[in-house]
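Everything on this sheet refers to the single structure shown next.
The values are calculated or read from the model by the stated rules, or taken from the named source; none is laboratory data. Quick caveat, the model's predicted, so the values are computed rather than measured. Note that we place each Cβ from the backbone using ideal geometry, even for glycine, and neighbour counts take in every protein chain shown.
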Amino acid sequence: MFNRRFMIFMALWALAIGSLWWNWRSPEGESLYAGQSGISSTRFTQNLNGSWNQFTSLRQAWTTESERSQGNNNQSFLTRGSSLVLPSSSRFSVVTKRLLIPGEWSSRTMVLTFNGVQGHANVYLNGISNTQKIGEFEGSGGANELEILPKAFRYGEDNILLVELTGGEGQRASFLGSAWPKSGYIKGDIRLEAVVETTIMRPQVKADWIGTTAQITVKTDLLHRGFLQEGPWTVYGVISDGSAGLAEQTLTIPPEESADRQAVTLSFTIPEARRWTTEDPYLYQLRLIVSNNKGDMDDLSLPLGLRTISLESGKWVLNDQIIPIIGEALTPQEEYKLRNTGDLEAWLKSERQKGTNLIYFIGQLPDELWLQAADKVGIGLWVELPVELIPSQRLPQPDDFRNLISEKMLHPSLWAWTVGKGLASDGLAQTYFQQAQNEVHPNLAFALTLNPNSLTGLSKEQSVVVQGTAIQEEWGKVTVSTPPIIDVRWEKEHIFAGVLAVIMLFLGWMNIRSVTWRYKEIFDTKPKRRLRNAWLWNGLFVFARICMLAGLVTSGLFRIPIHINPWFSHLWPRIELLQAQSPWLIWATFVGLFMLMRLLQVGVAAPHLPDVPHEIGLIYWLERRYRWAILVAISWALLPWGVPYYGPVIGYILLLSLFLPIRIHDIHRIKGRYHPFLWVPGVIIASLSVGAFFYLADWIFLWNWLLPLVEPILDQLRTMWHTQFLNLFT
């Protein structure tokens with residue numbers, strides 16, 4: 001009898017899990033406009049932004065795309081996938097796109113560039129075997145390049161590009177992080193370029209001032225992509241005002257044996273140079289050209305703004321003038337909405353008219369579209385490295401972000417970096433902050449904390465304390481004007497809780513009215529009608545209590561405030577993903593899980609009781625001591641009338657503990673032992689403890705992080721205790 005019911009509930013639980021999987025969805029995102037860094041007139045370029053096909057697995061993606069390439073477009077709804085526009089704020093696992101490569105590209109090397117990737121990316125071309133994998137990289141929000149040999153493409157016909165994203169290093173390293181969810185984002189420009197064998201890389205620019213004369217140093221690399229070097233190379237650089245060249249230099253670079261990269265340094269002098277300011281955001285034009293005597297040529301053009309930024313005596317100093325900061329912070333959700341429109345320049349101008357001179361980007365790096373618009377409008381940007389709530393043992397090396405930092409530093413609108421948020425105060429964290437400060441120099445470096453007593457290893461002015469929706473120091477203030485809305489997402493919860501409370505009241509009353517029966521009657525093979533009715537109401541009450549317990553857990557899951565602090569945007573992506581699902585399916589899954597756990601607990605304990613009672617009958621008999629659950633159900637139903645959520649939760653735990661001695665006494669009275677009932681809960685607790693052990697560094701981090709916040713409270717309690725103790729003996 002037990003096995004049959006167990007299998008029924010197992011099947012129902014599997015059905016609930018299957019329904020949850022079938023209807024699984026990612027949090028809704030938006031398509032995003034994106035900008036391109038640098039312009040080249042010699043490279044063949046194909047923009048890959050736009051429509052892609054989205055799938056749940058790499059195998060499904062390749063199978064479906066292979067069938068379509070053979071003319072079969074009648075895939076079932078199980079395998080056909082869906083459409084996704086990239087760049088996007090939508091999380092995904094696998095996307096594909098078809099490419100048609102012109103034949104004239106076959107003599108060049110292909111470079112596939114992804115911008116704004118968050119997650120670990122595996123990229124395949126025309127297949128999913130290891131030989132067809134063209135590369136992988138760890139995306140942190142910057143630009144990532146993959147070089148593809150020309151022979152990898154099929155010219156004149158469709159090529160299938162497949163991109164698989166899994167949880168990145170940042171997701172795994174963060175507090176209580178893991179590899180799940182195995183998905184990521186692409187929020188920036190995607191393009192394929194055909195380049196000559198020697199290309200010029202994005203430069204680093206430094207400006208030194210002697211009076212009004214700017215001494216400009218441009219450092220770049222020549223990247224040799226071929227097997228043979230066709231040198232020497234001529235590197236020409238010119239800085240212009242858009243109409244005429246103001247400074248130029250030409251260098252001859254001889255070939256070096258076995259050197260894939262060669263460093264190049266150009267120097268320019270511009271007398272009476274114009275500085276980039278918020279009132280006059282003037283931009284020069286920098287163009288770099290590399291060529292050889294065979295006629296191969298590559299070039300790169302980009303705008304160039306000249307300015308200085310520093311922190312002196314607690315004040316921000318732009319071009320030797322103190323600038324009081326009046327800033328607005330953008331949450332990721334607000335940034336998505338703005339970039340979805342594409343008209344960023346108009347929005348920045350409206351902010352300038354309001355008096356705002358700085359925009360803070362919370363939780364992500366600004367796209368090139370933002371940087372270019374800010375350069376033109378004349379407004380500062382404060383951005384973050386992806387280092388947030390990470391235990392000190394798992395902190396990244398600051399030089400891991402060197403390329404990411406250098407590509408953004410070309411923009412004069414980029415003034416400051418938050419190099420870490422919510423980190424510990426130990427030596428490892430302080431060393432990280434100091435090294436990260438050197439990486440972002442000459443821009444400003446800051447650390448965000450929640451505790452004013454946190455030690456960061458930076459100056460007091462650089463250790464900024466979050467104060468609600470604002471950060472404020474002597475230099476000025478930055479405010480989150482539109483903080484995320486914290487809401488309860490189980491919309492029909494109050495109706496469900498009210499109906500369930502009424503049902504449990506009715507079932508409780510029917511149980512009271514039913515005949516009182518004893519343990520020995522479990523063995524009655526021919527029970528009377530009144531006993532069968534009593535068992536019926538007992539069984540329904542068991543199911544109703546399990547439904548209530550599952551409802552409380554589901555309610556708690558959807559009440560977890562993942563956006564409780566707008567400055568910390570990457571809290572618990574797993575919870576965010578679960579909150580995007582149907583609460584009814586999650587509730588049904590919990591009902592099946594808790595019912596199976598109860599059946600298993602009683603089924604394991606029953607053989608150790610006198611006369612080996614029937615498991616279902618034993619469950620009904622034990623349920624007599626759970627009628628207090630009606631009070632918990634009523635308190636849950638009263639949440640809309642001011643009862644806090646923790647009321648029914650604490651009530652359930654408290655009443656469960658208070659009635660534990662009575663339940664133990666019931667088992668002893670029938671000459672049984674209670675400890676078999678603890679075996680299944682013990683195994684579950686032990687398994688959770690083993691899992692928690694793997695997060696030992698996280699628990700230590702949490703303790704060290706919370707300790708400074710609770711120390712004042714502990715000191716007050718110690719003082720009160722000592723005072724009361726002394727008064728007792730005086």
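I'm trying to understand the selection: among the residues of the stretch 406-439, which are assigned to a helix (DSSP H, G or I) and touching a helix residue (DSSP H, G or I) at 6+ places or on another chain (Cβ under 6 Å)?
In the first step, residues of the stretch 406-439 are kept if they are assigned to a helix (DSSP H, G or I); the result is 406-408, 427-439.
Answer for the stretch 406-439, where residues must be assigned to a helix (DSSP H, G or I) and touching a helix residue (DSSP H, G or I) at 6+ places or on another chain (Cβ under 6 Å): Leu428, Ala429, Gln435, Ala436, Glu439.
Scan the stretch 687-723 residue by residue and report those that are of a type in the set (Val, Ile, Thr) and at pLDDT below 90. Before you say what the answer is, go through the steps one by one.
So in the stretch 687-723, the residues of a type in the set (Val, Ile, Thr) come out as 690, 700, 710, 713, 719, 723.
Listed by number, the residues that qualify are Val710, Ile713, Thr719, Thr723.
Specify which of the listed residues (Arg43, Arg108, Arg5, Arg98) is surrounded by 11 or more Cβ atoms within 10 Å (Cβ to Cβ) and either under 16 Å from Val163 (Cβ atoms) or free of Cβ contacts under 8 Å to residues at least 60 places away in the same chain (or both).
Numbers: Arg43 fails: either under 16 Å from Val163 (Cβ atoms) or free of Cβ contacts under 8 Å to residues at least 60 places away in the same chain (or both); Arg108 fails: either under 16 Å from Val163 (Cβ atoms) or free of Cβ contacts under 8 Å to residues at least 60 places away in the same chain (or both); Arg5 fails: either under 16 Å from Val163 (Cβ atoms) or free of Cβ contacts under 8 Å to residues at least 60 places away in the same chain (or both).
Residue meeting the stated conditions: Arg98.
Out of (1) touching a strand residue (DSSP E or B) at 6+ places or on another chain (Cβ under 6 Å); (2) surrounded by fewer than 21 Cβ atoms within 10 Å (Cβ to Cβ); (3) farther than 29 Å from His441 by Cβ, what's the single condition that is false for Asp208?
Here Asp208 clears every test but (3).
Any chance the stretch 140-162 includes a residue that's under 15 Å from the mean Cα position of the chain (by Cα), closer than 27 Å to Lys421 by Cα and not assigned by TED's automatic domain parsing to the domain that holds Arg261?
Looking through the stretch 140-162, at least one residue is under 15 Å from the mean Cα position of the chain (by Cα), closer than 27 Å to Lys421 by Cα and not assigned by TED's automatic domain parsing to the domain that holds Arg261.
Report the residue count in the stretch 233-272 for those that are within 43 Å of the chain's Cα centre (by Cα) and of a type in the set (A, V, I, L, M).
Final tally of qualifying residues: 7.
Determine which member of the set Asn159, Asn122, Asn144 is modelled with pLDDT of 95 or more, touching an Asp or Glu at 6+ places or on another chain (Cβ under 6 Å) and either farther than 20 Å from Pro332 by Cβ or surrounded by 15 or more Cβ atoms within 10 Å (Cβ to Cβ) (or both). Walk me through it before giving the result.
Details: Asn159 fails: touching an Asp or Glu at 6+ places or on another chain (Cβ under 6 Å); Asn144 fails: touching an Asp or Glu at 6+ places or on another chain (Cβ under 6 Å).
Selected residue: Asn122, the only one of Asn159, Asn122, Asn144 that is modelled with pLDDT of 95 or more, touching an Asp or Glu at 6+ places or on another chain (Cβ under 6 Å) and either farther than 20 Å from Pro332 by Cβ or surrounded by 15 or more Cβ atoms within 10 Å (Cβ to Cβ) (or both).
Can you give me the ranges of the strands (runs of 3 or more DSSP E) entirely in the stretch 151-254 with at least 2 residues that are within 30 Å of Leu389 (Cα to Cα)?
Filter on the stretch 151-254 gives 158-166, 184-186.
Yes or no, residue by residue, for (1) among the polar types (S, T, N, Q); (2) buried (at least 20 other Cβ atoms within 10 Å of the Cβ):
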site: Glu521; (1), (2): no, no
site: Thr525; (1), (2): yes, no
site: Lys528; (1), (2): no, no
site: Ala534; (1), (2): no, yes
site: Met548; (1), (2): no, yes
site: Val553; (1), (2): no, no
site: Met597; (1), (2): no, no
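How many of the residues making up the stretch 501-553 are among the acidic types (Asp, Glu) and outside any loop (DSSP other than H, G, I, E, B)? Walk me through it before giving the result.
Here is the first cut: in the stretch 501-553, the residues among the acidic types (Asp, Glu) are 521, 524.
With the extra rule that they be outside any loop (DSSP other than H, G, I, E, B), the set shrinks to 521.
Here the count works out to 1.
Residues of the stretch 397-418 being surrounded by 19 or more Cβ atoms within 10 Å (Cβ to Cβ) and either among the basic types (Lys, Arg) or in contact with an Asp or Glu (Cβ under 8 Å, 6 or more places away or on another chain) (or both), which ones?
The answer is Pro398, Phe401, Ile405, Lys408, His411, Pro412, Ser413, Trp417, Thr418.
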